[in-house]
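Okay, so here's the structure we're looking at.
Bear in mind that the values in this text are calculations on the coordinates, not laboratory data. Model, not experiment: these values are computed from the prediction. Cβ: placed from backbone, ideal geometry, glycine included. Neighbour counts: every protein chain shown.
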Amino acid sequence: MKLWKREATLEQLNRTGEGCMVGHVGILFTRLEDDYLEAVMPVDHRTTQPFGLLHGGASVVLAESMGSMAGYLCTEGEQKVVGLEINANHIRAVFAGQVRGVCRALHAGRRNQVWQIEIFDERDRLCCTSRLTTAVID
């Protein structure tokens with residue numbers, strides 16, 4: 001069953017990231033299916049911490065960016081989506097390459113949403129799991 005209420009292409013989603021945090025850290029949306037969204041983010045000088053591994057905050061930026069975009073796709077008209085709470089469990093360190101996020105709805109209601117975002121390394125190992133709660137504003 002199709003979750004999204006808005007029609008969008010990957011090109012349109014990626015254009016929204018230009019000139020803001022999403023573009024700054026190199027997040028690219030790569031897959032838009034009927035009920036989930038995927039994106040990648042490089043592990044490089046923009047996203048690592050001083051010790052050379054992926055910064056936990058960068059993982060949270062990826063998770064919140066994906067959940068917020070998915071939330072927007074579930075709205076209509078002039079509705080907006082804002083984050084209320086996010087948490088993340090960092091499970092495995094990543095030192096190079098890129099990570100891939102997969103975002104799925106746990107709840108996509110009229111007034112609030114809950115998104116599960118799992119982040120994997122290039123060997124498809126789970127590195128971070130995050131949950132984002134959003135509010136829908138008319």
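Which is under 21 Å from A108 (Cβ atoms) and of a type in the set (S, T, Y), of S68, S59?
Going through S68, S59 in turn, just one is under 21 Å from A108 (Cβ atoms) and of a type in the set (S, T, Y): S68.
Within segment 65-87, does at least one residue satisfy the condition of being of a type in the set (V, I, T), within 17 Å of H24 (Cα to Cα) and under 13 Å from the mean Cα position of the chain (by Cα)?
First, the residues of segment 65-87 that are of a type in the set (V, I, T): 75, 81-82, 86.
Checking the rest, the ones that are also within 17 Å of H24 (Cα to Cα) come to none.
Within segment 65-87 (the criterion being of a type in the set (V, I, T), within 17 Å of H24 (Cα to Cα) and under 13 Å from the mean Cα position of the chain (by Cα)), the answer is no, since none of the residues qualifies.
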| Output for segment 112-138, where each listed residue is over 17 Å from I91 (Cβ atoms), surrounded by 13 or more Cβ atoms within 10 Å (Cβ to Cβ) and β-branched (V, I, T) | V114, T133, T134, V136
| field | Lone qualifier among G77, G67, G23, G109 - being of a type outside the set (K, R), closer than 28 Å to D138 by Cα, surrounded by fewer than 19 Cβ atoms within 10 Å (Cβ to Cβ) and touching a Gly at 6+ places or on another chain (Cβ under 8 Å) | value | G23
| said: Please go through segment 82-106 and give me each residue that is more than 12 Å from L3 (Cβ to Cβ) and surrounded by 21 or more Cβ atoms within 10 Å (Cβ to Cβ), ordered by number. | reply: V94, V99, G101
| Do the conditions hold for E11, that is, is it within 19 Å of V136 (Cβ to Cβ) and surrounded by fewer than 18 Cβ atoms within 10 Å (Cβ to Cβ)? | no
| For segment 19-60, how many residues meet the condition of being within 13 Å of Q98 (Cα to Cα), free of Cβ contacts under 8 Å to residues at least 60 places away in the same chain and among the small types (G, A, S)? | 2
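Would you say M41 is in contact with a helix residue (DSSP H, G or I) (Cβ under 9 Å, 6 or more places away or on another chain) and closer than 19 Å to C128 by Cα? Talk me through it step by step, then tell me what you get.
Values: in contact with a helix residue (DSSP H, G or I) (Cβ under 9 Å, 6 or more places away or on another chain): yes; closer than 19 Å to C128 by Cα: yes.
In short, yes.
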